[in-house]
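Here's the structure we're looking at; comments come further down.
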Amino acid sequence: MDEYFYELALSILLKLSDRAFQELLLAWRLETDLAKIKQSLEDIKAAILDAETQRSQSARIALWLLRLKDVLYDIQDVVDEIECEELRSGTVKLYGSFTRKVRRFFSSANPLAFRNRMGHKIKDINTRLERIHKQKSEYSLKENNDNELEIPSVREMNHSYKDATHVVGRNMEKDLVIEALLKEFTDAYVSVIPIVGMGGMGKTTLARFVYNDQRVACFRKKLWVSVSGNFKFEEVMIKILNSASPSERYKEMQPDQLRIALDQALSGGDYLLILDDVWEAKRLEWQKLAELLTRNGMRGRIIVTTRYKNVASIMGNLPTVELNHLAHEDCLSLFFNCAFKGERERQDRSLRDIGEEIVKKCFGVPLAVETLGCMLYSNTNAADWKSIRDSEIWKSDNQTTASLRLSYEDLPYSLKKCFASCSFFPKGYEYDSIELVYFWMAHGFLESQNENEDLENVGFQYFDRLCSKHLLHSCSRYDVSVKCKMHSLFHDLALLVSQNEFLSVTQTHLSNIPNTVRHLCFPRPDSLGEDLPKPFQELNGVRTLSFSNERRVGFGNLKFIRTCLSKFQHLRFLDLSDSEISELPERIGRLKQLRYLSLKSNDYIKRLPNSICKLRSLEALLIGRCKKLQKLPKDLKQMVSLRYLWITTKQTSLPTDAVGSLKCLRVLFITDCENLESWPEDITGLKNLKTLVIRNCQQLDSLPESMKFLPALESVVITDCTRLKLEEGKGVCVTQFRLENLQLVRLPSLVDFPQWLIRNSTSSLQVIKLMHCNNLKEDDFPDWLHDNIPLELQIKGCPLLNLNNHHRQ
């Protein structure tokens, strides 16, 4: 049974009972109003579990739960608004001038006006709760005593196991594909092998199996492209180029420039290209790309994975490899390999019998088998196995959906929220671990059992857990983050369990908008008119707003955005990436609950309103790749909650008393600052900074000496800084941080290895990457690395270093 509503109510009650929050209510004189909410919620909570049991059989009880959820979210908004106002008022006392304080007194933000406004909201919530409480009695819902409940607040989250080198039951298909790949070329034409099968049959797994096979090492280049959508000529070209050599510049190229870049990337030998998860292919689009892939004598083999036979017929010119249901014995082998790490001695006979019955219910779909096997990893409790086998879910869903649903039901409440939120992003979206963690943080989905633990650490644990259970897959590391995807079947499930909270808006959504929508995405806002359509203006609880789209189509309708900022007062997450707006509205400063704001990759905006610094609760600010941005906001230090900052600026030096004053900062990206020569020594204030990325700052010639005194620093990535030498200053030869990850890429002025960066890191280093540092000398390479090789050492394009001495991976 899904205890989502119960857990949601419980989390709110815990918050209302928190001592620090109780003191806050006393300070604002709101304790009596909130006490009534708490009492009503206590009474209703006792009947929620019975309602959740009956909702699939009773439409009116399902509606009762949805109304309850709507009220619970509004209570969360009120609680959050009170905390944000307290943070704002505290910062005004600290930084505000006399003029600002007077102006605030006569505004709606003064304490009396705020208390009255909250009082009205709380009164409305109490009225709705009374109505819901009355309906609880009308529906004869059974009340459960908390002492009788067996719902742990945090369910144990076992890591799952899957041997990535071993694929079960597809050896024959693998050999067929490899045999076709290795046939002699008869001409310069590209050979295309389609792999076809329904969702969950293992098409991508088989392609990856082939891709990693030693027999295909003969190809000079191997490229992997996740199409994950309809086949579009220029988009696929850019993805191929990024697979060959990742770069942001491809998105700015014209079609002719892309063609030249593709010629250069694929020239000089045979290549193997995987085009994974193609949904639809138009013959003309494919022919244009096929012609490019054979120009100038280029020869290659392509594997295409798709669910659709018509796609295979358009793109393929070799026999199709079709994947059918996996044989029962192979399914058993896959299941127990996931559940017991392939260790037969740990497989209890009774568990094997139950496991065989579970596997039969999966009807030979590998994704279903693997998901349940991973879910039961290291679990030897027969009762848990039987509960999976005997679940009612098998009766209500088809077999594949049922197995995925069971995996979802096994997640703790906090992870269920994170999983469901992935449906906000489109199918085939490439998730970034840092982006996703701060998305979860913005919405309060992360729960820590230790008040001293960074929520970022909790978020990355959640991310790893979703990956280990294969709810997220195809993970690859990039700089300091991990990129991954979600299988389309899991994305369908995430949409299902999100219960109409997430909506990606198209022309078909301009009427009958559910009032349950809290998260809005406008991938094509230009098609919706000059202003926000009226039905959306009636939504009062929107928390997420995004205009981002994978096609990188800019959007510059300022009126549309102004209306959104005016109507959606409870926004936590605002994504204006790739937009074409030339200014950010002043009213942005009124969104006091905003936690995440992205303006990255805007080529038009020159300045930010200083009102942005009123966002005291903002945790993530992304203004990277805003190449015309003249300078950072002058009151940046007032953004006291910032934990993730990505900046691009035309300034020659970062201002003092700005970035260095952000004491909560954990992640700092400084990229594409074409004029930046230095930054001040005041960064010693960044006591919590863990990750520092500096990229494409061509005039930067040194780092501040005080960087040595950042005690929490774990990852340093520096790329494409042509003048940077990384020489140690003449000050104190002490380094406080202990690095785990050091990456130095394309630094032509780097001659001596910067030993000061790893002086204190002999036991902590896990990754060192030295790439294309043409002048880096052998003499200063640390001797201790020969005996204390980190987990991953990569050296490439450094001709003065002896690769035989240093390369380990």
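Equivalent-ellipsoid semi-axes for region 170-322 (Cα gyration tensor, √(5λ), whole Å, largest first): 23, 18, 14.
Any chance you could tell me what percent of the C-alpha pair distances in the chain go past 48 Å? So the pairs more than 48 Å apart make up 24 percent of the total in the chain. Of all lysines in the structure, those lying under 16 Å Cα to Cα from Lys360, and not within fewer than 8 positions of it along the same chain, are Lys386, Lys395. Put Glu322, Glu179 in order of accessible area, highest first, and with a 1.4 Å probe you get Glu179, Glu322. In whole angstrom, region 339-410 maps to an equivalent ellipsoid with semi-axes of 19, 12, 11, each derived as √(5λ) from the alpha carbon gyration tensor and ordered largest first. Placing +1 on the Cβ of every Lys and Arg and -1 on the Cβ of every Asp and Glu, with nothing else charged, gives region 216-271 a dipole about its Cα centre of roughly 200 debye. For region 39-52, 3J(HN,Hα) computed residue by residue from phi via the Karplus equation (6.51, -1.76, 1.60; θ = phi - 60°) reads 5, 4, 5, 4, 5, 6, 3, 4, 9, 5, 4, 5, 5, 5 Hz, glycine and proline entered as x. The H on the amide N of Ile694, modeled in the peptide plane, is under 5 Å from the matching H of Ile670, Val717, Ile718, Thr719, each at least 5 residues off or on a different chain.
Straight Cα distances below 27 angstrom link Lys45 to the lysines Lys15, Lys36, Lys69, Lys121, Lys123, Lys134, Lys136, Lys142, Lys416, Lys417, with same-chain residues fewer than 8 positions distant left out. When the Cα positions of Leu532, His570, Cys697 are compared along the charge dipole of the chain, Leu532 comes out farthest toward the positive end, with charges on each C-beta of Lys, Arg, Asp and Glu. Protein heavy-atom accessible surface, 1.4 Å probe, per residue over the chain: 44 Å². In summary, the lysines within cross-link reach of Lys282, defined as a Cα separation below 17 angstrom excluding same-chain residues under 8 places away, comprise Lys232, Lys309. The trypsin sites (Lys or Arg not before Pro) of region 526-600 meeting both criteria, a DSSP state outside H, G, I, E and B (loop) and at most 16 other C-beta atoms within 10 angstrom of the site's C-beta, are Arg551, Arg552. Once the convex hull of all Cα atoms in region 726-765 is built, its volume per residue stands at 66 Å³. DSSP bridge analysis restricted to the chain gives an antiparallel fraction near 10%, rounded to the nearest 5. When the solvent-accessible area of the chain is split by element, carbon and sulfur atoms take up 47 percent of it, the probe being 1.4 Å.
In the frame of its principal axes, region 413-493 has Cα extents of 36, 29, 21 Å, reported largest first. Ranking Trp394, Tyr377, Gly355 by how far each Cα lies toward the positive end of the dipole of region 339-410 (charges on Cβ) leaves Gly355 at the top. Compute log10 of I(q)/I(0) for region 4-139 with the Debye formula, placing one identical point scatterer on every Cα and leaving out solvent, at q = 0.10 Å⁻¹, to two decimals. For region 4-139, the Cα-only Debye profile gives -0.40.
The values are calculated or read from the model by the stated rules, or taken from the named source; none is laboratory data. The structure presented is a predicted model; accordingly, all values stated were derived computationally and were not measured. Neighbour counts are summed over all protein chains in view; Cβ atoms, including those assigned to glycine, are modelled from backbone coordinates with ideal geometry. Calculation scope for accessible area: heavy atoms of the full protein, side chains included, ligands and nucleic acids excluded. Shrake-Rupley method; radii C 1.70, N 1.55, O 1.52, S 1.80 Å.
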